[in-house]
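Engineer: Shown below is the structure under consideration.
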Amino acid sequence: WAAGNICRSPIAEAVFRKLVTDEKLENKWRIDSAATSTYEIGSPPDYRGQNCMKKHGIPMSHIARQITKEDFQTFDHILCMDESNLRDLNRKSNQVKDCKAKIELLGTYDPQKQLIIEDPYYGNEKDFETVYEQCLRCCKAFLEKYH
């Protein structure tokens with residue numbers, strides 16, 4: 001999951017981790033999120049995202065980090081939120097020999113066909129709720145396809 005790694009990606013990570021844990025599949029998955037940029041490295045998730053996760057009873061603990069060359073070599077999937085993430089990730093992956101990860105938009109798994117998960121940073125609580133709902137739909141569909 002990618003961007004500044006404080007809004008959308010930690011929500012997606014927390015949602016997916018909860019789904020996997022509920023299905024007792026946590027030993028089959030390695031789940032993380034990372035930034036494409038350096039802006040927020042070391043920061044906790046945005047407090048509005050944390051509040052949204054609390055409201056839904058989903059544990060969230062993440063410190064923002066930037067994506068690494070090893071991520072491209074060790075993860076099977078790298079899922080991102082929007083076209084600019086996708087461009088950044090594809091550009092970075094081209095500099096990694098033996099890139100194993102399949103890079104795609106998380107929204108490609110949305111049964112409601114909302115391809116882009118918009119950044120809620122400049123929005124309000126409702127925008128974080130929308131991100132949560134999109135991530136939940138997409139993560140469920142992704143898990144069904146790949147578990």
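Engineer: Look at GLN112 and say whether it is in contact with an Asp or Glu (Cβ under 8 Å, 6 or more places away or on another chain) and among the polar types (S, T, N, Q).
Structural biologist: On the way: in contact with an Asp or Glu (Cβ under 8 Å, 6 or more places away or on another chain): no; among the polar types (S, T, N, Q): yes.
No; evaluated as a whole, the condition is false for this residue.
Engineer: List the number of the failed condition for ALA35; all other conditions in (1) open to solvent by less than 20 Å² (accessible area, probe 1.4 Å); (2) in contact with an Asp or Glu (Cβ under 7 Å, 6 or more places away or on another chain); (3) among the aliphatic types (A, V, I, L, M) hold.
Structural biologist: The one condition ALA35 does not meet is (2).
Engineer: On to the next question. Only one of these is modelled with pLDDT of 95 or more, touching a Leu at 6+ places or on another chain (Cβ under 7 Å), over 18 Å from ILE6 (Cα atoms) and not aromatic (Phe, Trp, Tyr): LEU143, LEU79, LEU106. Name it.
Structural biologist: Working: LEU79 fails: over 18 Å from ILE6 (Cα atoms); LEU106 fails: over 18 Å from ILE6 (Cα atoms).
Checking each option against the conditions leaves just LEU143.
Engineer: Residues that are over 15 Å from ILE11 (Cα atoms), of a type in the set (Lys, Arg) and touching a residue at least 12 places away in the same chain (Cβ under 8 Å): does the range 102-113 have at least one?
Structural biologist: There is at least one residue in the range 102-113 that is over 15 Å from ILE11 (Cα atoms), of a type in the set (Lys, Arg) and touching a residue at least 12 places away in the same chain (Cβ under 8 Å).
Engineer: Considering each of LYS54, LYS102 in turn, give the residue that is closer than 28 Å to ASP22 by Cβ and more than 17 Å from the chain's Cα centre (by Cα). Can you show your working first?
Structural biologist: Details: LYS102 fails: more than 17 Å from the chain's Cα centre (by Cα).
Of the residues listed, the single one that is closer than 28 Å to ASP22 by Cβ and more than 17 Å from the chain's Cα centre (by Cα) is LYS54.
Engineer: Within the range 65-104, restricting attention to residues that are out of contact with any Lys or Arg (no Cβ under 8 Å at 6 or more places or on another chain) and hydrophobic (A, V, I, L, M, F, W, C), which residue is nearest to ILE31 (Cα to Cα)?
Structural biologist: Here the answer is LEU79.
Engineer: Search the range 40-57 for residues being crowded, with 17+ Cβ neighbours inside 10 Å and modelled with pLDDT of 95 or more, and hand back the single one that is nearest to PRO10 (Cα to Cα).
Structural biologist: In the first step, residues of the range 40-57 are kept if they are crowded, with 17+ Cβ neighbours inside 10 Å; the result is 40, 45-46, 48-50, 52-53.
Then drop every residue that is not modelled with pLDDT of 95 or more, which leaves 45-46, 48-50, 52-53.
Numbers: PRO45: 7, ASP46: 9, ARG48: 12, GLY49: 8, GLN50: 9, CYS52: 12, MET53: 10 Å.
The qualifying residue nearest to PRO10 (Cα to Cα) is PRO45.
Engineer: Could I ask something else about it? Within the range 9-21, identify whether any single residue is outside any helix (DSSP H, G or I) and under 22 Å from ILE116 (Cα atoms), and answer yes or no. Before you say what the answer is, go through the steps one by one.
Structural biologist: Step one: filter the range 9-21 for residues outside any helix (DSSP H, G or I), giving none.
No, because not a single residue in the range 9-21 is outside any helix (DSSP H, G or I) and under 22 Å from ILE116 (Cα atoms).
Engineer: May I pose another question? Could you run through the range 84-130 and say how many residues are open to solvent by 80 Å² or more (accessible area, probe 1.4 Å), more than 28 Å from HIS56 (Cα to Cα) and among the acidic types (Asp, Glu)?
Structural biologist: 1
Engineer: If you go through the range 1-44, how many residues are under 12 Å from the mean Cα position of the chain (by Cα) and not β-branched (Val, Ile, Thr)?
Structural biologist: Residues of the range 1-44 that are under 12 Å from the mean Cα position of the chain (by Cα), as a first pass: 1-17, 31-36.
Filter once more, so that each one left must be not β-branched (Val, Ile, Thr): 1-5, 7-10, 12-14, 16-17, 32-35.
So the answer is 18.
Engineer: Just to be sure I understand, how many residues within the range 61-81 are touching a residue at least 12 places away in the same chain (Cβ under 8 Å) and either at positive phi or surrounded by fewer than 19 Cβ atoms within 10 Å (Cβ to Cβ) (or both)? Walk me through how you get there before you give the answer.
Structural biologist: Restricting attention to the range 61-81, the residues satisfying the condition of being touching a residue at least 12 places away in the same chain (Cβ under 8 Å) are 62-69, 71-81.
Pick out the ones that are also either at positive phi or surrounded by fewer than 19 Cβ atoms within 10 Å (Cβ to Cβ) (or both) and you get 63, 65-66, 68-69, 73-74, 76-77.
Of the residues in the range 61-81, 9 are touching a residue at least 12 places away in the same chain (Cβ under 8 Å) and either at positive phi or surrounded by fewer than 19 Cβ atoms within 10 Å (Cβ to Cβ) (or both).
The values are calculated or read from the model by the stated rules, or taken from the named source; none is laboratory data. Computed from a predicted model, the values in this text were never measured in an experiment. Note: ideal-geometry Cβ built from the backbone for every residue, glycine included; neighbour counts use all protein chains shown. Heads up: the accessible areas ignore ligands, DNA and RNA and are worked out on the full protein's heavy atoms, side chains in. Shrake-Rupley method; radii C 1.70, N 1.55, O 1.52, S 1.80 Å.
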